[in-house]
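The values are calculated or read from the model by the stated rules, or taken from the named source; none is laboratory data. Just so it is clear, the structure is predicted and the values come from calculations on it, not from any experiment. Cβ sites come from the backbone with ideal geometry, for glycine too, and all protein chains shown count toward neighbours.
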Amino acid sequence: MTTSPRQWTSIEELAGDAAFAERIAAEFPVAATFPPTARRDFLKIMAASFALAGLTGCEKSPFVAGIPYVDQPEAALPGVPRYYATAVTLNGYAQPVLATTYDGRPTKLDGLPGHPATLGRSDVFMQAAVLQLYDPDRAQSPTRAGAPVTWTDVGAMFSAQRQDWQKDGGKRLRLLLSQTTSPTLARQIKEFQSQFPAAQLHVHDASGERERIANAIAAYGEPLDLHYQLDACSVVVSFDDDFLGPGPRQLLHAIEWAQARRRTDVPGIHLYCADSIPGATGAVASHRLRAAPSRMSHLIEALAARLGVAGASAADLSEQERHWLARAGAAIDGAKGGALVTAGLGTGSQTARWAARINDAIGASGQTLKLTPPVANPGIDVASLGELVTDMDNGQVDTLVILDANPVYTAPGSLDFVNALSKVKTSIHIGLYRDETGHRCNWQLPLTHDLESWSDARAVDGTATIIQPVITSFYDVRSRHQILAMMFGRDEEADALVKETWRNAFGDSFDAQWKKALRDGFVAGSTAQAQAKPASGWTEPAPSDVDGLDIVFRLDPTVWDGRYANLGWLQELPKPLTTLTWGNVIAVPPAWARDFAVENGDLLEVDIDGRKVLGPAWIMPGQADNTIGLWLGHGRENAGRVGNGVGYNAYAVRPAATPWTTKGSVRKLDSREALAITQMHHRMEGFDFVREVSAASPSLPAPSPQPSLYPPYPSAKNAWGMVIDIDSCIGCNACVAACTAENNVAVVGKAQVEMGREMHWLRIARYYTGDVENPRSYFQPVPCMQCEDAPCEMGCPVHATVHSPEGINQMVYNRCIGTRTCSSYCPYKVRRFNYLDYRNTPEAPVEPVHNPDVTVRSRGVMEKCTYCTQRIQAAHVAADKDNRDLHDGDVVTACQAACPTRAIVFGDINDPNSEVSKLRRSGRHYVLLDELGTRPRTTYLAKWNDGPDSEDDRT
Amino acid sequence: MTASATDILPTDQSIGDVSRQLTGIPLHFPARRQWWIAMAVAVALLMLFIVSVIELFTRGVGIWGLNVPVTWAFAIHNYVWWLGIGHAGTLISALLLLTGSEWRNSLNRFAETMTLFAVVCAGIYPVLHLGRPWYLYWMFPYPATMGVWPQFRSPLEWDIWAVLTYLSVSVLFWYTGLIPDLANARDRATRRGWQVFLGILALGWRGSTIHWHRWSRTYRIMAAIAVPLVVSVHSEISLLFAASQLPGWHSTLFPPYFVLGAAFSGFAVVSVIAVALRAMFGLENLVTRKHFDVLGKVLLATGLMTGYGYVFEVVDVLYGGNPHDLQTLLDRTTGAYAWLYWGAVVFNFVPLQLLWWRAVRRTGWALLLVSVSVIIGMWLERYMILVTTLYRDFLVSSWSHYTPTFWDWSTYFGTIGLFLVPFLLAIRFIPVISIFETEKTLLDEREAHDG
């Protein structure tokens, strides 16, 4: 090998490099004299060291051994975590977090307590963000046409470019941004516009934020954010609006929904949801109507007519539709101002207009609906991606700067962005990864991860957070603010730019306020202010229905628009309702599947305006007839070693004009694809794993005591127990993601999941009852039951699973010999076995993210939920230091902390006043598989049935 | 002199002929060609086993098709199957010795040999099964510095003791029975090496009356220990399953059901070996059609008893009415693995019915085919019991599937090599039929005629 390979896959390959050989000769003179075979051995032995040395361009690697301090900093205690308030971003919105760091190494993110938009709760994206920080596939240094360059080279490029831009005011310069809420970025963009007044800005966001604003403009005549005040609602009617589903608003909605749900002894909020592809909202709705997206505008107009909104007329409705609308209308009447009507972003401007008019009519505005100026892209007058592509095609763009967006992958297929990009002279991609766009641009400039950045952002409610780094960058990367400053010819410190922004806002008391904002994690009082209700827009006639199947695009619940595709934690997280991991499916309604003899996994070809995509079928119970669901975010080419080639790419068939709902055709192909799902069977088969209560019978029958041959264990002072409220679970998976992060749960990869070997300690069981066309859905999180009479403990021949005095069924990893008897005997099948060495799979090559308080399990060892025993121990230590007893709330498990709806409650059942004890006395309390006499410590609260079959006026 | 109806051996052969014939097998091996072919196959299988075990120990039990919930499959299933096969040797030798059924004397030696190597195959499986086999010794109550003992409530712990006890008793019983013949062979050996080898193994046996007296007492005591062991060991094996709470396993029916099933499969293997050895070594004079007849009857009897277990398993569930048990019954009979259940029923019990006919029982190849069917049927049954319970236990959300991988199969077929290689060596180097016991039977029969 004569040329030096830039990307090498093995030490041998790298060693072929002459420069490297020279370096070896200099470093290890003796190695140069080895005969070839001995040199090979030498290289093999030294592989690890060379692997680290070979990472060109990194200033610091996270993968080096720790060395103790010579002079110990006063506050830094090895092994004792420190916490920093900062934020990660999703769709540009801040997700305020409290970052746990060990020796300067962030390992876990949780929602920031006290922040009005998280209240300390989290979602899956927030949990997984820390893994992205350590992703070895991130761009590690600036590159030009793939070759590493220095930031000095980048500066020189910018200064040369700047001379061109300044000539004509930047007429042939374009800046393509992803959505942002950063005040500092907004300030810099203003500067950009003043320096290059002719340059055009474009915002591209594949996840619907643009359409959300477009709907608001259609409904209210101006761009607005609609903030649902779910905690003030008693009835919500949703038209294909999955507001409890994944996304930047999920957390806030779920928190408020759960608060409203628990407002009284009986459910305080009822959801009426008309949806096409079942989502979280439809799953927990008391009254769900399955309806194709093209029906939504008719349905909402009929509701408007029912509520007496001027100009509305009831269209032809089916029996079910009429029935559902009658109930929804009656509920709105009964709610007396506590009602809200919402329209999904894919339902079109017509539905959005009707929703606005109904909300006006029922007095929702100001009560259950708050309108504010948009939190995102403040003051940035932007054009769309479509206009950019037209200009690029026409050769009007010489320089394109893409900031933190991946349009090559996420642009709708109808735009053909790749072709347009090839006509641009100089393309500069600024992003976390050298992704699809980075590969096709002349320059790729790597960004810092949020956790290593100085920046700022606003949460969905408008509250600003100053993003502070919790770790020094270990790659040769810069923050977006620094790179923008470079465009203006300045080399700035990352924090100086952010401080400059806030110096204006904080005024004289800058130092004090800045410190307070960093410590608190948000700027108090920065929440977006409501504005007066503007006039509702004009109503145009409903569009006529076009023949063909409704094709609905949805964002992936775990990898989102594709930006998280390289995160093993999220790829392996079972998606709500389908339990699919590692990929996406084409959801088809059961009746359609029956007609065309389609089974799960059969390959389907979707054709939209001649663009085609192939994907495996998934028969989705409860999906609306004549509707096909596609999920965006998969089928990536340059995501990294984890995300490449997983699933199909639905962007390829996405039309730019109607990006969420369109028409198309589907045909079945003669081949199949294996689906890595974690739950094979979805009916309860007549068992009562999930129990229900209703207003008519709000209590379950008392269980009969189960006799036992074994004497009860003597209990220590604390006896740990957990109660999970099934009524509050929306299946969002935040608990599973949090458990993965907290407990170093391994990622095993698609093939292993297909074999049934996923390692999650906590699974969200999902059941359906009723007709497959229109079922009721249930979510039931199942962690270890921590049985008092545990069958597993009896089975282990070597005492590897034993009972603790506090009632925890402990797993002693280093005693385990792997007979798997415990798992065989476990009636709940909550144990997980390391069939192979899962510690360092290609799917999860990162070790620094591991929680140092939790053992990493080796091959041949059983593992399971421990009730976060490390947290219990830490709480004990803290209480012992103060010489006090543990208080309720001292121990919070990772799943409990994450749960946005507070469905998981953990505590001491010996303390009659603890929250968990109170819940155990509830009429809804029950034990899973009570009849087995295992006496679990993890128990459940029954689901409220507030649906049509629970009502007295049953028809 | 003609054989009477009660004779099992033709009485027209001299005792010296029998001695010469049987000791001649190792000393002047008659079926070299067949033996080498069989050995080649066996060694190939053993190689497969070794490769599989290396792969297994290198990568872990994940090379098999196991998952959660099916954490136990081929390893445990074949363990039970092999152990069940082994039990027939003990039953034939020991139980029939105690009951004075002299016909056993032509069969007991190779049946015991079979037991020995079947138990070895069975015994190696729990080791292979472990996630971390290098810590096997933690199952033993050795004085660990941490003071940790095994957990005596665990059926797996009982299992270790049961199998090791059974293996040692089987070895001792087999060896004890072998001593007089080893002396006989020593006396006839012409080459020095054979003389020394057999001489050491014969423990200085001279055939004196006091030797015979002590030997006879020892042998019967060993037999009296071995017979209850068969029952207890296989009952214990069944507790691996019955001690859990899982539907389809948690049943008091399991111990007798397993013991009878074990005897059933074991007698099937004995029949196969009897037919094969008889043809291979021309032992028509010693392993007679009457032996086949008796074996066929025993097979039929144990088979019907096993069938009774099948019936009562269903009756139990229907009578008990536990919804989880009913679900498991439904899964077994109609689920994804229904072919296992019905395969077990068909292979175990349908060809078996041919044995009602005396002519079938007395025909070697017919008995062989029925026996092979039973061996397959019992293998399917063990598979069915494990997998159909585990793949769908209580919570529907953990219902899954199980598919054996190449390594599952290779390890299993490998153990057949592990069984055959030492078995073939044994029939090559030691008297395959108990010489003195056969001679005794012959003598008794003659005396009965003459007397």
Item to check | Residue ID - nearest to the chain's Cα centre (by Cα), chosen from residues in region B:128-161 that are facing chain A (nearest Cβ under 8 Å) and among the aliphatic types (A, V, I, L, M) | outcome: B:Ile160
Checklist entry - Yes or no: A:Ala420 closer than 30 Å to A:Leu567 by Cβ, crowded, with 24+ Cβ neighbours inside 10 Å and not charged (D, E, K, R)? => result no
Checklist entry - Any chance region A:470-485 includes a residue that's more than 21 Å from the chain's Cα centre (by Cα), buried (at least 22 other Cβ atoms within 10 Å of the Cβ) and part of a strand (DSSP E or B)? => result yes
Checklist outcome for this item: Across (1) within 14 Å of chain B (Cβ to nearest Cβ); (2) more than 22 Å from B:Val396 (Cβ to Cβ), A:Leu762 clears everything bar (2)
Checklist outcome for this item: For region A:247-259 the number of residues that are touching a Cys at 6+ places or on another chain (Cβ under 9 Å) and surrounded by fewer than 24 Cβ atoms within 10 Å (Cβ to Cβ) is 1
Checklist entry - In the list B:Ala38, B:Ala42, which residue meets the criterion of being farther than 30 Å from A:Val753 by Cα, touching a Gly at 6+ places or on another chain (Cβ under 6 Å), at pLDDT 85 or above and part of a helix (DSSP H, G or I)? => result B:Ala42
Checklist entry - Would you pick out the residues in region A:570-611 that are outside any loop (DSSP other than H, G, I, E, B), buried (at least 22 other Cβ atoms within 10 Å of the Cβ) and touching a helix residue (DSSP H, G or I) at 6+ places or on another chain (Cβ under 7 Å)? => result A:Leu570, A:Thr581, A:Val606, A:Ile608
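From A:Asn649, A:Asn644, which residue is in contact with a His (Cβ under 9 Å, 6 or more places away or on another chain) and among the polar types (S, T, N, Q)?
A:Asn649
Only one of B:Glu102, B:Glu112 is farther than 18 Å from B:Ala268 by Cβ, among the acidic types (Asp, Glu) and more than 14 Å from chain A (Cβ to nearest Cβ); which?
None of the other options fit; the residue is B:Glu102.
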Checklist entry - Conditions: (1) surrounded by fewer than 19 Cβ atoms within 10 Å (Cβ to Cβ); (2) under 25 Å from the mean Cα position of the chain (by Cα); (3) within 30 Å of A:Val782 (Cβ to Cβ). A:Asn644 meets all but one. Number of the miss? => result (3)
Next on the checklist: Let me confirm something: among B:Val387, B:Val374, B:Val346, which residue is aliphatic (A, V, I, L, M) and surrounded by fewer than 17 Cβ atoms within 10 Å (Cβ to Cβ)?
Outcome noted: B:Val346
Next on the checklist: Within region B:333-346, does at least one residue satisfy the condition of being modelled with pLDDT under 90, in contact with a Gly (Cβ under 8 Å, 6 or more places away or on another chain) and not aromatic (Phe, Trp, Tyr)?
Outcome noted: no
Next on the checklist: So in region A:772-811, with the set limited to residues that are more than 26 Å from A:His682 (Cα to Cα) and of a type in the set (Ser, Thr, Tyr), which one is nearest to the other protein chains (Cβ to nearest Cβ)?
Outcome noted: A:Thr801
Next on the checklist: When the residues of region B:122-145 are narrowed to those that are at pLDDT below 90 and of a type in the set (Ser, Thr, Tyr), which ends up surrounded by the fewest Cβ atoms within 10 Å (Cβ to Cβ)?
Outcome noted: B:Thr145
Next on the checklist: If I filter region B:77-96 down to residues being buried (at least 24 other Cβ atoms within 10 Å of the Cβ) and aliphatic (A, V, I, L, M), which single residue comes out as farthest from the chain's Cα centre (by Cα)?
Outcome noted: B:Ala94
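Which residues, taken from region A:736-748, are touching a helix residue (DSSP H, G or I) at 6+ places or on another chain (Cβ under 8 Å) and farther than 14 Å from A:Arg871 by Cβ?
Those that are touching a helix residue (DSSP H, G or I) at 6+ places or on another chain (Cβ under 8 Å) and farther than 14 Å from A:Arg871 by Cβ: A:Val736, A:Ala737, A:Thr740, A:Val745, A:Val747.
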Next on the checklist: Criterion first (closer than 26 Å to B:Leu277 by Cβ and either touching a helix residue (DSSP H, G or I) at 6+ places or on another chain (Cβ under 9 Å) or of a type in the set (Asp, Glu) (or both)) does B:Arg109 satisfy it?
Outcome noted: yes
Next on the checklist: of a type in the set (Gly, Ala, Ser) and touching a residue at least 24 places away in the same chain (Cβ under 8 Å): which single residue out of B:Ala189, B:Ala202, B:Ala144 fits that description?
Outcome noted: B:Ala189
Checklist entry - What tally of residues in region A:190-241 results from selecting those that are surrounded by fewer than 20 Cβ atoms within 10 Å (Cβ to Cβ), closer than 29 Å to A:Arg563 by Cα and among the small types (Gly, Ala, Ser)? => result 2
Checklist entry - Out of region B:341-359, which residues are farther than 16 Å from B:Met305 by Cα, aromatic (Phe, Trp, Tyr) and in contact with an Asp or Glu (Cβ under 9 Å, 6 or more places away or on another chain)? => result B:Tyr341
Next on the checklist: Filter region A:662-712 down to the residues that are part of a loop (DSSP other than H, G, I, E, B), charged (D, E, K, R) and under 30 Å from A:Pro293 (Cβ atoms) and list them by number.
Outcome noted: A:Glu673
Next on the checklist: Could you go through region B:327-346 and let me know if any residue there is touching a Leu at 6+ places or on another chain (Cβ under 9 Å) and either part of a loop (DSSP other than H, G, I, E, B) or within 14 Å of chain A (Cβ to nearest Cβ) (or both).
Outcome noted: yes
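Among B:Gly193, B:Gly123, which is the only one that is in contact with a helix residue (DSSP H, G or I) (Cβ under 9 Å, 6 or more places away or on another chain), of a type outside the set (Phe, Trp, Tyr) and either more than 12 Å from chain A (Cβ to nearest Cβ) or within 28 Å of B:Gly417 (Cβ to Cβ) (or both)?
That would be B:Gly123, the only listed residue that is in contact with a helix residue (DSSP H, G or I) (Cβ under 9 Å, 6 or more places away or on another chain), of a type outside the set (Phe, Trp, Tyr) and either more than 12 Å from chain A (Cβ to nearest Cβ) or within 28 Å of B:Gly417 (Cβ to Cβ) (or both).
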Checklist outcome for this item: Subset of region A:812-838, residues at the interface with chain B (Cβ under 7 Å from one of its Cβ atoms), polar (S, T, N, Q) and not in a loop (DSSP other than H, G, I, E, B), comes to A:Thr821, A:Ser823, A:Ser824
Checklist entry - If you take the residues of region B:377-407 that are outside any helix (DSSP H, G or I) and over 30 Å from A:Glu931 (Cα atoms), which of them is farthest from the other protein chains (Cβ to nearest Cβ)? => result B:Pro404
